[in-house]
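Heads up, the thing below is written out as structure tokens.
No value in this document is a laboratory result; all are computed from the given coordinates. Predicted model only: the values in this text are computed from it and were never measured. Note: ideal-geometry Cβ built from the backbone for every residue, glycine included; neighbour counts use all protein chains shown.
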């Protein structure tokens, strides 16, 4: 069987991820005390993190379906499938499993959200989204024909300082 993969689907979602991440960057500089005192800020950050993780899940599910990979039993293992297929690194796959669990807390356990933990994720986890984008770009974007509508997309752009310097974040859960 021949599997057809539309790179534009991936690029479109990665651009959306980039936008969510770009919107989170100003909040990274907010001290914990200020963050904890501002419920509106907390809700913005939580929602953008939730959407960022969901975009990654959607991309993973798209790849699994269109590449004929093993369908996982649980949503959180979609990234393990990508890691086993060599699409993303095993280390990143494990960190992304943690992201799915964190997303589930944001979505389903809204009464139990620990704002300090969300602030910590904001400070430590955005680089994982950049790595996800870069690893997908390395796997798929070199295969696409020239002159695509989304050609200007540069994965991982939000992980750079405003002057294009070194990444702001690293690490995982």
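Which shape class applies to the range 70-116: rounded if a/c is under 1.5, otherwise prolate when a/b exceeds b/c and oblate if not, where a ≥ b ≥ c are the square roots of the Cα gyration tensor eigenvalues? Let's see the in-between values first.
Working: a/c = 5.37, a/b = 2.07, b/c = 2.59.
Oblate is the answer for the range 70-116, as a/c is 1.5 or above yet b/c matches or exceeds a/b.
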- Among 22, 119, which comes first, then next, by fewest other beta-carbon atoms within 10 Å? 22, 119
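Given axes a ≥ b ≥ c from the Cα gyration tensor, I'd like to know whether the range 7-142 is rounded (a/c under 1.5), prolate (a/b larger than b/c) or oblate. Can you show the working numbers first?
Working: a/c = 2.30, a/b = 1.73, b/c = 1.33.
Prolate, since a/c reaches 1.5 and a/b exceeds b/c.
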- Arrange the following residues from fewest to most other Cβ atoms within 10 Å of their Cβ: 116, 89, 133. 116, 89, 133
- Item | Separation between Cα centres of the range 27-54 and the range 63-142, rounded to whole Å | 19
